[in-house]
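> Following this message is one structure expressed as structure tokens.
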Amino acid sequence: MGDNFLGEKKGHVYHITINRPDKRNALTFEMLQEIADMVEGLAKDPEIRAILLKGAGKMFSSGVDLGSLAGLLPLFTADEAAGGGGIRDLVAKGQRCYNLLESIEIPIICAIHNRVQGMAVELVLACDIRLMSEECAWGLQEVKFGLIPDLGGNTRLSRLVGPARAMEVNMTGRLFTARQALQWGLASYLYPEEKLFEEAEKLAIEIASNAPLAVGSIKKVVRRGLAFDQATQLEMEGFYQSICGRSEDFREGVNAMLEKRAPVWKRK
């Protein structure tokens, strides 16, 4: 793990902290692969049942590192004759990094304080549950320098808040309020900044206390089911229930309830 991210295992919850406070936690393109590699490694740890993502310092993240963005100018401006293939390859690589956060079974809770912009908004959109501080400002400004959000800022945002809201956010490049994020479904809860991380950790611990196979199955049905019609998604529920219902954890859960004790999950 590099200096860009801090990691700490606390029980069954793993804390990931964006650690560039002197740069307002700006994200470089290399950092996308770093966090994807971290999360992929955590998915192999049977003791990790929830991930909590947050930022160090004064804000969650100001978005893309401008130096990193400027480094793309030669590729972008020299690519006209090549039909944009190099740009599409670069975008696809970044999308795969964020897609990994969605695809792993472990739920990712994101605690967003003060401000989140651009590429960092796309990062939090790839997380499963988002909590914000009450004064948090957020927005995607790519349109202001001639680009569009390309790591899910159109796709994921429109699925969360609807196409008209997503177009307003991305076409204006404005900053929006935490209250709007809550009303539109981008954030689940708002908290005073001094309470945000504590409340996010409570939620992560609560989720981690439940059967991990069931939690992972819920994430798969909800996430993957978005691509299908209702009948297919209902069939997915039956499929994953047939896995959970034959698991050791299901037997343990029933026995623990009957014996009035805390269950001991094995993720089996």
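The values are calculated or read from the model by the stated rules, or taken from the named source; none is laboratory data. Computed from a prediction, not measured in an experiment: that's the story for all the values here. Every residue, glycine among them, receives a Cβ derived from its backbone with ideal geometry; neighbour counts consider all protein chains shown. Note: accessible area is taken over every heavy atom of the protein model, side chains too, but ligands, DNA and RNA are not part of it. Shrake-Rupley method; radii C 1.70, N 1.55, O 1.52, S 1.80 Å.
> State the number of residues belonging to segment 181-197 that are part of a helix (DSSP H, G or I) and either within 21 Å of Ala56 (Cβ to Cβ) or of a type in the set (S, T, N, Q) (or both).
The first filter runs over segment 181-197 and keeps only residues part of a helix (DSSP H, G or I), leaving 181-184, 193-197.
Then drop every residue that is not either within 21 Å of Ala56 (Cβ to Cβ) or of a type in the set (S, T, N, Q) (or both), which leaves 183, 193-197.
Looking only at that region, the number is 6.
> Quick one: Leu203 ticks every box in (1) surrounded by 15 or more Cβ atoms within 10 Å (Cβ to Cβ); (2) within 18 Å of Ala50 (Cα to Cα); (3) modelled with pLDDT under 95; (4) of a type outside the set (Ser, Thr, Tyr) except a single one, so which number is it?
(3)
> Please go through segment 216-254 and give me each residue that is in a helix (DSSP H, G or I), in contact (Cβ under 8 Å) with a residue 12 or more places away in the chain and within 14 Å of Lys268 (Cβ to Cβ), ordered by number.
If the condition is that a residue be in a helix (DSSP H, G or I), in contact (Cβ under 8 Å) with a residue 12 or more places away in the chain and within 14 Å of Lys268 (Cβ to Cβ), then Gly216, Ser217, Ile243, Cys244, Glu248, Asp249, Phe250, Glu252, Gly253 are the ones that fit.
> Given (1) buried (at least 20 other Cβ atoms within 10 Å of the Cβ); (2) not in a strand (DSSP E or B), where does Trp138 come up short, assuming only one miss?
(2)
> Mind checking which pairs have a first residue in segment 134-157 that is closer than 14 Å to Gly63 by Cβ and modelled with pLDDT under 95 and a second that is open to solvent by 30 Å² or more (accessible area, probe 1.4 Å) and aromatic (Phe, Trp, Tyr), Cβ under 9 Å, 6 or more apart or different chains?
Pairs that qualify, where the first residue is closer than 14 Å to Gly63 by Cβ and modelled with pLDDT under 95 and the partner is open to solvent by 30 Å² or more (accessible area, probe 1.4 Å) and aromatic (Phe, Trp, Tyr), are Leu147/Phe76.
> Could you list, in sequence order, the residues of segment 51-107 that are open to solvent by 50 Å² or more (accessible area, probe 1.4 Å), under 20 Å from Trp138 (Cα atoms) and charged (D, E, K, R)?
Correct list: Lys58 only.
> Within segment 46-64, track down each residue that is part of a loop (DSSP other than H, G, I, E, B) and either hydrophobic (A, V, I, L, M, F, W, C) or free of Cβ contacts under 8 Å to residues at least 24 places away in the same chain (or both).
First, pick out the residues of segment 46-64 that are part of a loop (DSSP other than H, G, I, E, B): 46-49, 56-60, 62-63.
Ile48, Ala56, Met59, Phe60, listed by residue number.
> How many residues are of a type in the set (Val, Ile, Thr) and part of a loop (DSSP other than H, G, I, E, B) when one looks only at segment 1-45? Can you show your working first?
Applying the first criterion (of a type in the set (Val, Ile, Thr)) to segment 1-45 yields 13, 16-18, 28, 35, 39.
Those left that are additionally part of a loop (DSSP other than H, G, I, E, B): 28.
Residues in segment 1-45 being of a type in the set (Val, Ile, Thr) and part of a loop (DSSP other than H, G, I, E, B): 1 in total.
> Any residue in segment 83-99 that's touching a residue at least 60 places away in the same chain (Cβ under 8 Å): show its pairings with residues that are not in a helix (DSSP H, G or I) and not acidic (Asp, Glu) at Cβ separation under 6 Å, as long as the two are six or more apart or on different chains.
Once the first residue is touching a residue at least 60 places away in the same chain (Cβ under 8 Å) and sits in segment 83-99, its partners that are not in a helix (DSSP H, G or I) and not acidic (Asp, Glu) give Gly94/Leu151; Tyr98/Ala126; Tyr98/Leu151; Tyr98/Gly152.
> Here's a check for you: in segment 2-29, which residue that is touching a strand residue (DSSP E or B) at 6+ places or on another chain (Cβ under 9 Å) and exposed (fewer than 13 other Cβ atoms within 10 Å of the Cβ) is farthest from Gly71 (Cα to Cα)?
The residue in question is Lys10.
> Got a number for residues in segment 253-267 being open to solvent by 80 Å² or more (accessible area, probe 1.4 Å), more than 28 Å from the chain's Cα centre (by Cα) and of a type in the set (A, V, I, L, M, F, W, C)?
Of the residues in segment 253-267, 2 are open to solvent by 80 Å² or more (accessible area, probe 1.4 Å), more than 28 Å from the chain's Cα centre (by Cα) and of a type in the set (A, V, I, L, M, F, W, C).
> Looking only at segment 141-198, filter to residues that are open to solvent by less than 40 Å² (accessible area, probe 1.4 Å) and β-branched (Val, Ile, Thr); which one of those is farthest from Ala26 (Cα to Cα)?
Per the criteria, the residue is Val161.
> Just to be sure I understand, how many residues within segment 141-162 are more than 23 Å from Ala200 (Cβ to Cβ) and in a helix (DSSP H, G or I)?
Here the count works out to 6.
> A further question on this structure: Say we look at segment 215-252 and pick out the residues that are open to solvent by 40 Å² or more (accessible area, probe 1.4 Å) and either in contact with a Cys (Cβ under 8 Å, 6 or more places away or on another chain) or β-branched (Val, Ile, Thr) (or both); which of these is farthest from Leu100 (Cα to Cα)?
Here the residue is Phe250.
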